[in-house]
Amino acid sequence: MREFQENLYEHHSQTFTIDAELYRGQTEFQEVLIFENRLFGRVLVLDGIVQLTQRDNYIYHEMLTHVPLMAHARTKSVLIIGGGDGGALKEILKHPVQQVVMVELDKDVIALSKRYFPEVSSGAFEDGRVSLIVGNGFEYVAQTRRQFDAIIVDSTDPIGSGEALFTRSFYAHCRKLLHPGGVLSLQSGVPFYNPEQLQAVCGRLAFSFEGVRPYLAPVPSYAGGMLALVAAGESHKALRPPIKTLRERFQRLHLRTDYYSPVIHRAAFTLAPRFGSCAKANAIGSESAARPA
Ligand code: SAM
């Protein structure tokens, strides 16, 4: 039986059976593997790291997008950095947004995702509100003069081309692009394996944002299970509105979700003491003291 082994951490790996290999190739930026696994369905792997599976990607995409957009509640313009599979885009378009700019480095990830994971984007790339830019997200945020209500960073891990998207200067550029009250969200790895990364990311964000709060989403295909996401904005409180407010917003939007709900929004910000505090983050927030893992 053929297998794919993900060796993301030292002394531990996770293994998927390859029940059918669908695609293997090298793009200009990364190595791509797409295979079928009987438990998870189709699996997208970039440079040996699992990006998404058919079975559980909705948890990640819903939590990455609806948490910041429900906290903001008046989002008209959104910037997505990365996210070539289109899953975050699909969720964002469930909100009454007027324009979404998506900056994805690798056009081949978009094409392969449309071909092998059509239900993940579900036609989102064809929506008239979407402007797709194939390019480097870091360069885009450093150069553009456009402003947004929300920025969603749907990146690979801080290795290779994704590394620049975990730096203090990237977050500072993002902050400048946000309208007053604007929000940002990003993924920051699995804190059980990599608590330093979460602390470092929170620390770097804290140089530019008053409110920085990590939250969790259980994504079974990410080894370690609990993925840390981070929301950032003008205030700590605004990122986790009261349940009554979230319920009203959720009903008004008629949002159809499979994982996100107002109760889950609130609960996701409850982290175990070991992972929950960004309080120490300022102390380790400098680029030199806390390089991406
Ligand atoms: N949902 C997945 C996860 O959590 O790992 C991954 C989302 S998506 C596939 C990640 C995308 O980020 C990839 O398509 C990659 O090409 C893109 N990416 C990496 N570095 C980038 C950069 N500097 N600018 C824009 N996109 C980038």
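The values are calculated or read from the model by the stated rules, or taken from the named source; none is laboratory data. Predicted, not measured: the structure shown is a model, and the values here were computed from it. Because the Cβ atoms are built from the backbone with ideal geometry, glycine has one as well, and the counts that use them run over all protein chains shown.
Quick look at the values:
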read-out: Residue match in region 83-93 (condition: on the phi > 0 side of the Ramachandran plot and surrounded by 23 or more Cβ atoms within 10 Å (Cβ to Cβ)); value: yes
read-out: Residue tally, condition in contact with a strand residue (DSSP E or B) (Cβ under 8 Å, 6 or more places away or on another chain) and surrounded by fewer than 17 Cβ atoms within 10 Å (Cβ to Cβ), over region 133-158; value: 5
read-out: Single match in 38, 42 (criterion: closer than 17 Å to residue 121 by Cβ, modelled with pLDDT of 95 or more, basic (Lys, Arg) and more than 10 Å from the ligand (Cβ to nearest atom)); value: 42
read-out: Qualifying positions in region 190-246 - more than 27 Å from residue 178 (Cα to Cα), surrounded by fewer than 21 Cβ atoms within 10 Å (Cβ to Cβ) and modelled with pLDDT of 95 or more; value: 218, 220
read-out: Total residues in region 146-167, condition away from the ligand (no atom under 16 Å from the Cβ) and either assigned to a strand (DSSP E or B) or under 28 Å from residue 27 (Cα atoms) (or both); value: 2
read-out: The one condition in (1) in contact with a strand residue (DSSP E or B) (Cβ under 8 Å, 6 or more places away or on another chain); (2) of a type in the set (Phe, Trp, Tyr); (3) assigned to a helix (DSSP H, G or I) that residue 170 fails to fulfil; value: (1)
read-out: Scope region 200-248; condition among the basic types (Lys, Arg) and touching a residue at least 60 places away in the same chain (Cβ under 8 Å); matching residues; value: 204, 213, 240
read-out: Count of residues meeting criterion [exposed (fewer than 15 other Cβ atoms within 10 Å of the Cβ) and closer than 22 Å to residue 155 by Cβ] in region 10-55; value: 6
